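Report on the structure given below.
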Protein chains: 2
Amino acid sequence: MAQDATDTPSAPGPVVRRATIKDVAEMAAVSRSTASRALTGRGYVAEGVRSRVLAAAEKLGYVPDATARHLKQQVSLSIGVLVSDLRNSFYAELAAGAGRASREHGYSMMLADDGGLVDDEAGAAEAFVALRVAGVVVTPVSRAVTDYLRRHGIPAVEVDRQFAPDECDAVVVDNRAAARRVTEQLTGLGHRRIALFIDETDWTTGRDRYWGYRAALDAAGIQEDPSYVVSSGWDIETAYNAALRLLDTASRPTAVFAANNVLAEGVWRAAAQVKLDIPGDVSVVSFDDVPWMSMVTPGVTAVAQDAATLGSTAVDRLLRRISAPAEPPAVDVIPVDIIQRGSVAPPRGT
Amino acid sequence: MAQDATDTPSAPGPVVRRATIKDVAEMAAVSRSTASRALTGRGYVAEGVRSRVLAAAEKLGYVPDATARHLKQQVSLSIGVLVSDLRNSFYAELAAGAGRASREHGYSMMLADDGGLVDDEAGAAEAFVALRVAGVVVTPVSRAVTDYLRRHGIPAVEVDRQFAPDECDAVVVDNRAAARRVTEQLTGLGHRRIALFIDETDWTTGRDRYWGYRAALDAAGIQEDPSYVVSSGWDIETAYNAALRLLDTASRPTAVFAANNVLAEGVWRAAAQVKLDIPGDVSVVSFDDVPWMSMVTPGVTAVAQDAATLGSTAVDRLLRRISAPAEPPAVDVIPVDIIQRGSVAPPRGT
DNA sequence: CGCCGATGTGACATCGTTCCCACACGCCAT
DNA sequence: ATGGCGTGTGGGAACGATGTCACATCGGCG
């Protein structure tokens, strides 16, 4: 009972104490200031002293504490990247591109994934503020993120989706033009009943892709049939069920434009389920080229966004913003390709 | 010439000065210490004072600086995650799982991607040390990472591949048993000429999967034919070319086991190229289930590792290690599923 | 009346780094 | 001699948050 753990500390204590600049300085028999100058290369240091300090640092395995440096300098070398869903290869590629670009410029990447939820998005943004990242690249799901970040003085770049066009840098593709081109390919082949599967039609990418689709229909003199515009949200299951219903009717469309890769997957599975031949019974085109589209037979004709380039360009833009905070907001538009594969043909009977 | 920028500072200066705890304290008319107690909930604070402080913090949009807190407390709330290739959906899922688990425990995730290169792996590890992360989850490509991290007192968990079995926690699957089961399925159907496509056969996952394959052959009384074991590295192109050569011969195998999803893709493309019917001419099984395998026709029978669970389990284990540094290293083995699809059939003529 | 514990609060040192400044030399020009 | 410069070094104050410690106040009890 009287025995007290504090009398005989059984734990061996901190086995490794991380070397600090003080340890380096002592080993090199100089002051902390001189050691710092030798290591950072700022200010005068005699050549002999410099090499002594460097040798000591090497010997001790000294790695400067980035958090302490940040605290002192009020400059961070991390950037935050916030995407909707890492499991979607579009976002994974985007993150990979952002990570590569960050590293090339000496930054580390803090990555978060908000599952497309506004609440999680806000939580991630707060974590980024707490960590005092140098800036944030985000595929936003609301306007709130960039507003919040701006209020805290953290520059942000919107990628893919754009909610604050006039106040925030952005990196996007020309969704409208691409959607129009790919839809015109269908009208050009004689399709008149063209369905659009889309997440929603009011915001950013969804709105623009919808407009592009409409523009192509208008140009071909086709009246829009609202029952062919399916807003089926963000998950495969919903798209699959909606596609099942639509494709299993007499008045089914002769072509389907899926406005992103998730919806395309739902459509593809549904078509397989009801045993429709692609492209014989129905042509399919997609926005977002992901790996499976080139693996299936026939391959899926798709608008290929270079997601990695979106990510790396966003980081480049962010770093430019950091070095020139006062410039007016800029938007980079990344070109897209339409990859022709076998999923498109003229409608039957033409 | 005599004009001096410091006389008339033209820049508007820091437009937003981030609120610090000092600002909060002043607004609430208390000392920094009291404000800290009120905000962290440690120590005595009168109820009235507490609410005054909280109101001030709210009003100022105060977000505590995680780097400063870390510096003082010498405890970090970030964990590092290092994967080989974010573009590979296996790693992307793993990262997503790790990110989710981190966030659930209040940690942020620093993510890096080393492209499978030992040099980049070392660079990323150094960045993690500099940032003083609480721990690291890594899909290692060499033993060096975990050694390096240990030397700096940072706990690490190896996932997927395991290089330091006795010194480091790990989260893996039973590669050998899974490879054996899936190969036995082929021998059970009467296949005798079974090719193995594999990255390499000397280390960790490659070695274990190779052993599993061998064990299944041995059990079926099949002599291994070295020309059927193709070590084709880590890229699709190489695997594709190797598969082309192997499949386009008279003595081609009747079944192929691809030991990861990249190799499976190469094999799949090659089979399509030489117009082999799957499973009629050749059966195909894969290690790693990725999205395209369920999209193609026939679907690819595959060993499905739950990558997200690998990632989240690794984070759980890491956090347990952080709270109990002295315990002996532990290994979690995550169960796998074999997903039966249509790519497997008995060899022709049986 | 003096002492106690319970309840609150503020001063100050600290974490690891940087960097401003003071200072110390040696050398040259006044 | 004195001043000034170029070169080199160390002292010490930040950065923002935390936590130890001393102290202040109050009510109650011996």
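The values are calculated or read from the model by the stated rules, or taken from the named source; none is laboratory data. Treat the numbers as computed from the prediction; the structure is a model and nothing was measured. Heads up, the Cβs are rebuilt from the backbone with ideal geometry, glycines too, and the neighbour counts pull from every protein chain shown.
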Scan B:Ala68, B:Ala29, B:Ala25 and give me the residue that is near DNA strand D (Cβ under 8 Å from one of its atoms) and out of contact with any Pro (no Cβ under 9 Å at 6 or more places or on another chain).
B:Ala68
Test A:Arg245 against the criterion of being basic (Lys, Arg) and over 28 Å from the mean Cα position of the chain (by Cα), and give yes or no.
yes
With the first residue restricted to segment B:202-214 and required to be within 19 Å of B:Pro140 (Cβ to Cβ), and the second required to be aromatic (Phe, Trp, Tyr) and buried (at least 18 other Cβ atoms within 10 Å of the Cβ), Cβ contacts under 9 Å at 6 or more apart or on different chains are B:Asp202/B:Tyr210; B:Trp203/B:Phe163; B:Thr204/B:Phe163; B:Thr205/B:Phe287; B:Arg209/B:Phe257; B:Arg209/B:Phe287
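This table checks each residue for (1) assigned by TED's automatic domain parsing to the domain that holds A:Ile79; (2) of a type in the set (Val, Ile, Thr); (3) under 15 Å from the mean Cα position of the chain (by Cα).
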| site | (1), (2), (3) |
| --- | --- |
| A:Ala122 | yes, no, no |
| A:Val138 | yes, yes, yes |
| A:Val145 | yes, yes, yes |
| A:Tyr148 | yes, no, no |
| A:His152 | yes, no, no |
| A:Ala156 | yes, no, yes |
| A:Arg161 | yes, no, yes |
The residue from A:Ala122, A:Ala127, A:Ala112 that alone is facing another protein chain (nearest Cβ under 9 Å), out of contact with any Cys (no Cβ under 7 Å at 6 or more places or on another chain), of a type in the set (A, V, I, L, M) and farther than 28 Å from B:Gly116 by Cβ is A:Ala127
From the list B:Arg245, B:Arg214, B:Arg209, pick out the single residue that is closer than 18 Å to B:Ala304 by Cα and either within 14 Å of chain A (Cβ to nearest Cβ) or assigned to a helix (DSSP H, G or I) (or both).
B:Arg209
Looking only at segment B:62-96, how many residues end up being touching an Asp or Glu at 6+ places or on another chain (Cβ under 8 Å) and either within 16 Å of DNA strand C (Cβ to nearest atom) or more than 8 Å from chain A (Cβ to nearest Cβ) (or both)?
8
Show the residue pairs meeting these rules: Cβ distance below 8 Å; 6+ apart or different chains; first residue within segment A:106-124 and within 14 Å of A:Asp85 (Cα to Cα); second residue part of a helix (DSSP H, G or I) and among the hydroxyl-bearing types (Ser, Thr, Tyr).
A:Asp113/A:Tyr91
Taking segment A:319-330 and the residues there that are touching a helix residue (DSSP H, G or I) at 6+ places or on another chain (Cβ under 9 Å) and hydrophobic (A, V, I, L, M, F, W, C), the one that is farthest from the other protein chains (Cβ to nearest Cβ) would be A:Ala330
Among the candidates B:Tyr91, B:Tyr62, B:Tyr44, single out the residue that is modelled with pLDDT of 95 or more and within 16 Å of DNA strand D (Cβ to nearest atom).
B:Tyr62
Out of curiosity, is A:Ala56 in a helix (DSSP H, G or I), within 11 Å of DNA strand C (Cβ to nearest atom) and not assigned by TED's automatic domain parsing to the domain that holds A:Ile322?
no
When segment A:288-312 is examined, which residues are found to be assigned to a loop (DSSP other than H, G, I, E, B), within 11 Å of chain B (Cβ to nearest Cβ) and surrounded by 22 or more Cβ atoms within 10 Å (Cβ to Cβ)?
A:Val290, A:Val300
Test for B:Arg42: is it touching a His at 6+ places or on another chain (Cβ under 9 Å) and either assigned to a loop (DSSP other than H, G, I, E, B) or aromatic (Phe, Trp, Tyr) (or both)
no
Odd one out for B:Leu71 among (1) among the aliphatic types (A, V, I, L, M); (2) under 26 Å from A:Ala122 (Cα atoms); (3) assigned to a loop (DSSP other than H, G, I, E, B):
(3)
Flagged in segment B:83-105 as basic (Lys, Arg) and in contact (Cβ under 8 Å) with a residue 24 or more places away in the chain, in numbering order, are B:Arg100
